[in-house]
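Novice: I have a structure here, written as structure tokens, and I will follow up with some questions on it.
Just so you know, all these numbers are worked out from the coordinates, no wet-lab data involved. The shown structure was predicted, so the numbers you read here are calculated from the model rather than taken from an experiment. No Cβ is skipped: glycine too gets one built from the backbone with ideal geometry, and neighbour counts run over all protein chains shown.
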Amino acid sequence: MKTFKALLLREHREHRGVYIAPLVFCALILLAAAVALFVPGRLQTSIMHDQDGVIQFHNDSGRHLFEVNDISLRSLATLFENLPQQTQGVAINGMLHGVAGTLLPIALVLAIALAAQSLFRERKDRSVLFWRSMPVSDTQTVLSKLVYIVVVFPLLFLECIAVTQISLLLLYSIAGLFFGLNPMTIWGPAEVLLCWWDLAHLALALQIFYLPVIAYAMMMSALSRRNPLLMILLTPALLLLGERLIWGGDTLLNLLLRYVQQGPQLVMGTGMQMTGDSMTIRYGAPLAEVMNGGMLIGLLVAGVFIAAAIQIRRHSESA
Amino acid sequence: MSVISCRDVTRKYGKFTALDRVNLDVRPGRIVGLVGPNGAGKTTLLKGILGLGRCEGALSVLGLDPHGDRNELMQRVCYIADVAVMPGWMKVCDAVDFVSGVHPRFDRDKAMGYLAKTEILPKSKIKTLSKGMKTQLHLALVMAIEADLLVLDEPTLGLDILYRKAFYTDLLNEYFDEQRTILITTHQVEEVEHILTDLVFIRKGRIVLDAEMDQIGKVYTELMTKSESLEEARALGPIHEQEVFGRTVMLFRDVPRERLAPLGEVRTPGVADLFVALMKGESA
């Protein structure tokens, strides 16, 4: 266990730089929010106003909720304070989930990029000789990289999302204070802990769903001599081309597309639930979705790729 | 029991034979120099010994199968390849943390003690260190491990002479004792010959010399031949002959010094001279 902990810590230290991307996105979101708050909303008005200059909000059953005809910050603050508590909750929690929804796909892309470099970089800089001079098996090394990518990295990424969400709430609170808005009007309906629980759940479900892709990227990373990313893309492309040229079919392509599309559906399909008057925002049960939907096949495929990655590293003489 | 035992160890890459029925025994408490030209099979043999590559034949290190028992083996064997292998993104203190986390025989305080004697700062990133400092760091990490066998593959490659001298001095003074064995491959044979107890030459995948340093002076003799004794010396069957400053220098094996002395100046050959002679000549 001590060895595995040291290996995970090593992964974390090696990939400190990868957190720059989410931090930049988080900073951009905060900046955009600050600009939207403190620069009077001409742009918003032109985008959102209907022909009469009135913004109308309806729920999904078409019931009229409220309308806005003055988009100045003071009027928005007053309007927000006078909204029913449940509607305030929808607005605040919608904002929290919106931030997460923007950043989660980035986490997945970064996870695949990490996997693509995981077993290639050590050979490129020849540090594999140093790592392999330690009493650590190839299985331990590869599994530590996998656990870091699939579990530790998304959790740390969620930390970035959480910091952004809290910063946004603080920003809105400070802005509200200028116009006499009680900060509790913002913090009260914010279901922050529930949101984080849901997000952790969702992130884990997505990682499990895309585990075969991550495992495949790791295998290619172990195999590649020059450009793992190119190999990751080129191999299935050649397979698809081969299928079309030899058998004239697109079965593989359709399977692949269906698989790739199911991930976002996992988020959106069971995603925010704003039903009737209840107005709560909760995700469905993404883990259960993943468990039901061919998870065993996915895990088996991922297991084969990971076993191959271990064997390739073990028998590689590029060291 | 031998620390390293090779019996008919062979390694082929397609049609190319990198190791050809290598037989070698390394006893405990020895410092063995494995010397050979590029492509001779040194690194292939080291890979086999370290379990980084499979070989045919019987190969055992510390009584273990290097490939099958690699994890167990690496608890007792340390390895320094060359200065390029330390991960540049790591900080010095992170490297110490890492080895401390994964190696049960690592003494953290010892490592920090060695590092304190250098100019290396714990918070420095490895990529910012000079080549010499990287080697010092690697050596500090390795010396803090209670290992039975230390394998050094061109450890001082690219270092200036000060670091090279310091490396071997530290190795002898701080690390080596009668319980430990060191296997060194290097091209700079002159620098290590004074610390070696055994010398192994490898050429085209075959061992052409395997001798204790003490024996080399008894077996091999160099003769700077007088011009009038040239033919007489040649008749004694030198294994190598070369012209140096207009005089002929010959290398003999198993020819008594008393027989050679009347023919010119007799002396014990240096490792470099012996290496050149054996690499050009026939197998010993």
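Novice: Between A:GLN140 and A:PHE179, how many nm apart are label points set 7 Å from Cα along the C-beta direction?
Specialist: 5.9
Novice: OK, next. Looking at chain B, what % of its DSSP beta bridges pair antiparallel, to the nearest 5?
Specialist: Looking only at bridges with both residues in chain B, the antiparallel portion is about 70 percent.
Novice: Name the residues of region A:208-224 whose amide N is less than 18 Å from a point 7 angstrom out from the Cα of A:VAL260 along the C-beta direction?
Specialist: Inside the label zone: A:209-218, A:220.
Novice: Right, another one. At a Förster radius of 30 Å, what calculated FRET efficiency corresponds to the Cβ-Cβ distance of B:ILE195 and B:ARG54, to the nearest 0.05?
Specialist: My answer for the efficiency is 0.40.
Novice: Once fully extended, how much extra length lies between B:GLU174 and B:ALA261, figured as 0.36 nm per residue of separation less the alpha-carbon to alpha-carbon distance?
Specialist: Stretched fully, the B:GLU174-B:ALA261 segment lengthens by 27.1 nm.
Novice: Residues in region B:203-228, backbone N under 17 Å from the label point at B:ALA235 (7 Å along the Cα-to-beta-carbon vector): list them, ranges by number please.
Specialist: Those under the cut-off are B:225-228.
Novice: Something else about it: Hey, which of these cross-link pairs are over 25 Å Cα-Cα: A:LYS5/B:LYS91; B:LYS204/B:LYS226; A:LYS124/B:LYS117?
Specialist: B:LYS204/B:LYS226; A:LYS124/B:LYS117
Novice: Here is a follow-up. Just name one of B:PRO155, B:VAL276, B:HIS103: the one whose Cα is farthest towards the positive end of the charge dipole of chain B (beta-carbon charges, Lys/Arg +1, Asp/Glu -1).
Specialist: B:HIS103
Novice: Using helices alone, I'd like the mean residue ellipticity at 222 nm for chain B: each DSSP H run of four-plus residues gives -39500 (n - 2.57), total over residue count, nearest 500.
Specialist: -8000 deg cm²/dmol
Novice: Tell me which aspartates and glutamates have Cα within less than 15 Å of B:LYS12's Cα, excluding those fewer than 8 residues away on the same chain?
Specialist: A:GLU317, B:ASP20, B:GLU56
Novice: Rounded to the nearest 0.05, what FRET efficiency do A:LEU170 and A:LYS5 have when you use their Cβ-Cβ distance and R0 = 51 Å?
Specialist: E(calc), rounded to 0.05, equals 0.90.
Novice: Using packing as a proxy for protection, rank B:156-164, A:232-240 so that the peptide with the highest average count of other Cβ atoms within 10 Å comes first. Mind showing how you got there, number by number?
Specialist: Values: B:156-164: 16.0, A:232-240: 13.7.
Ranked by mean Cβ neighbours within 10 Å, highest first: B:156-164, A:232-240.
Novice: How large is the Kirkwood hydrodynamic radius of region B:179-284, counting all unique pairs of alpha carbons, in Å? List each step's numbers first, then the result.
Specialist: Values: mean 1/r = 0.0685 Å⁻¹.
Hydrodynamic radius (Kirkwood, Cα only) of region B:179-284 equals 14.6 Å.
Novice: In a Gaussian network model over chain B where Cα atoms closer than 10 Å are linked, find which of B:LEU149, B:LEU251, B:LEU45 has the largest mean-square fluctuation.
Specialist: Of the options given, B:LEU251 has the highest mean-square fluctuation.
Novice: Can you say what percent of the DSSP beta bridges in region B:91-211, counting only those with both residues inside, are antiparallel? Round to 5. Walk me through the numbers before you get to the answer.
Specialist: Numbers: 7 of 12 bridges.
The antiparallel fraction comes to roughly 60 percent.
Novice: Still on this structure, I have one more. Arrange the following residues from fewest to most other Cβ atoms within 10 Å of their Cβ: B:VAL255, A:VAL136.
Specialist: Lowest to highest Cβ neighbour count: B:VAL255, A:VAL136.
Novice: Amide H neighbours of B:VAL3 under 5 Å, at least 5 residues apart or on other chains, H built in the peptide plane: list them.
Specialist: Distant-sequence amide H within range of B:VAL3: B:VAL26, B:ARG27.
Novice: Hey, another quick one. Would you calculate the separation in nanometres between label points at A:LYS124 and A:LEU253, each defined as 7 Å from the Cα along the Cα-to-beta-carbon direction?
Specialist: The modelled label-to-label distance comes out at 3.1 nm.
Novice: If you don't mind, another one. Alpha carbons only, please: Rg and Dmax for region B:79-120, in angstrom.
Specialist: Taking only Cα atoms of region B:79-120, I get Rg and Dmax of 10.8, 27 Å.
Novice: Let me check against my output: what whole-number percent is the relative contact order of chain B, with C-alpha pairs under 8 Å and at least 6 apart?
Specialist: Reported relative contact order: 21 percent.
Novice: Place a +1 charge on the Cβ of each Lys and Arg in region B:215-280 and a -1 charge on the Cβ of each Asp and Glu, then give the dipole magnitude about the Cα centre in debye, rounded to the nearest 20.
Specialist: Computed charge dipole of region B:215-280: roughly 180 debye.
Novice: Take every DSSP beta bridge with both residues inside the protein assembly as shown and express the antiparallel ones as a percent of the total, to the nearest 5.
Specialist: 70
Novice: Of B:THR44, B:THR128, B:THR10, B:THR186, how do they rank once you tally other Cβ atoms within 10 Å and put the fewest first?
Specialist: Result, fewest neighbours first: B:THR128, B:THR10, B:THR186, B:THR44.
Novice: Given the options B:TYR175, B:TYR13, B:TYR220, state which has the largest fluctuation in a GNM of chain B using a 10 Å cut-off (strictly under) for Cα springs.
Specialist: B:TYR13
Novice: For region B:73-123 and region B:144-162, what is the centre-to-centre distance using only Cα atoms, to the nearest Å?
Specialist: 13
Novice: I'd like the FRET efficiency for A:ALA91 and B:LEU162, computed as 1/(1 + (r/R0)^6) with the beta carbon distance as r and R0 of 56 Å, rounded to 0.05.
Specialist: After rounding to 0.05, the efficiency reads 0.20.
Novice: Continuing with the same structure: Taking the Cβ of each residue in A:ARG10, B:ARG21 as the centre, tally the other Cβ atoms inside 10 Å and list the residues starting with the fewest.
Specialist: B:ARG21, A:ARG10
Novice: Measuring from centroid to centroid over Cα atoms, what is the spacing of region A:99-115 and region A:216-262 in Å?
Specialist: Rounded to whole Å, the Cα centres lie 21 Å apart.
Novice: Using only C-alpha atoms and all pairs of different ones, pull out the Kirkwood radius for the protein assembly as shown in Å with one decimal. If you can, show how the numbers build up before the last one.
Specialist: Details: mean 1/r = 0.0339 Å⁻¹.
The Cα-based Kirkwood calculation yields 29.5 Å.
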